[in-house]
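Please read the structure below before turning to the comments.
Every number in this text was worked out from the coordinates using simple rules, so none of it is lab data. What you see is a predicted model, and the numbers here were worked out from it, not measured in a lab. Cβ placement follows ideal geometry from the backbone for every residue including glycine, while neighbour counts extend to all protein chains displayed.
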Amino acid sequence: MFDLIHDAAKRRQVILGAFVAALVCFGIAYAAGAYAGHAEEWLERPFMMILFGFVGCWVLIVLAKLVMTPLLQRDEDYYRKGDDDQDV
């Protein structure tokens, strides 16, 4: 994965800022009436449930890779740092 931000604290701030910006965008779209339509009309079309599920799963996978990987991934020498055992 791309490591564009090397500082962990800065990376967390950027991720949090992107999350808040996405929430604000969804809130503005909801207030503007973007979600006021009838979703049932779209879901009754042939293959729309399959397409919706397929795209939704891929969005979850991509978001998990982009957001969670930088938060949870450790350095390669994470367990060797601060090691007080000299005989290993």
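Out of segment 1-58, which GluC sites (Glu not before Pro) are coil in DSSP terms and have no more than 13 other C-beta atoms within 10 Å?
Values: sites: Glu40, Glu41, Glu44; in loops: Glu44.
Here the sparse-neighbourhood loop sites are Glu44.
Helix 8-31 sits at what angle to the longest principal axis of the chain, using alpha carbons and giving 0 to 90 degrees rounded to 10?
Value to nearest ten degrees: 10.
Only sites in a loop by DSSP and with at most 12 other Cβ atoms within 10 Å count here; which trypsin sites (Lys or Arg not before Pro) in segment 14-88 make the cut? All intermediate terms of the calculation are to be shown ahead of the outcome.
Details: sites: Lys65, Arg74, Arg80, Lys81; in loops: Arg74, Arg80, Lys81.
Answer by residue number: Arg74, Arg80, Lys81.
Using only Cα atoms, find the angle between the long axis of helix 48-63 and the longest principal axis of the chain, and express it within 0 to 90 degrees, rounded to the nearest 10.
Approximately 20 degrees, to the nearest 10.
Could you give the nm distance between label points at Phe47 and Tyr79, where each point is 7 Å from its Cα heading toward the beta carbon?
4.7 nm
Of the chymotrypsin sites (Phe, Trp or Tyr not before Pro) in segment 15-88, which ones lie in a loop per DSSP and count no more than 16 other C-beta atoms within 10 Å? Kindly include the intermediate steps, with their values, before the conclusion.
Working: sites: Phe19, Phe26, Tyr30, Tyr35, Trp42, Phe47, Phe52, Phe54, Trp58, Tyr78, Tyr79; in loops: Tyr35, Phe47, Tyr78, Tyr79.
Listed in order of number, the matching sites are Tyr35, Phe47, Tyr78, Tyr79.
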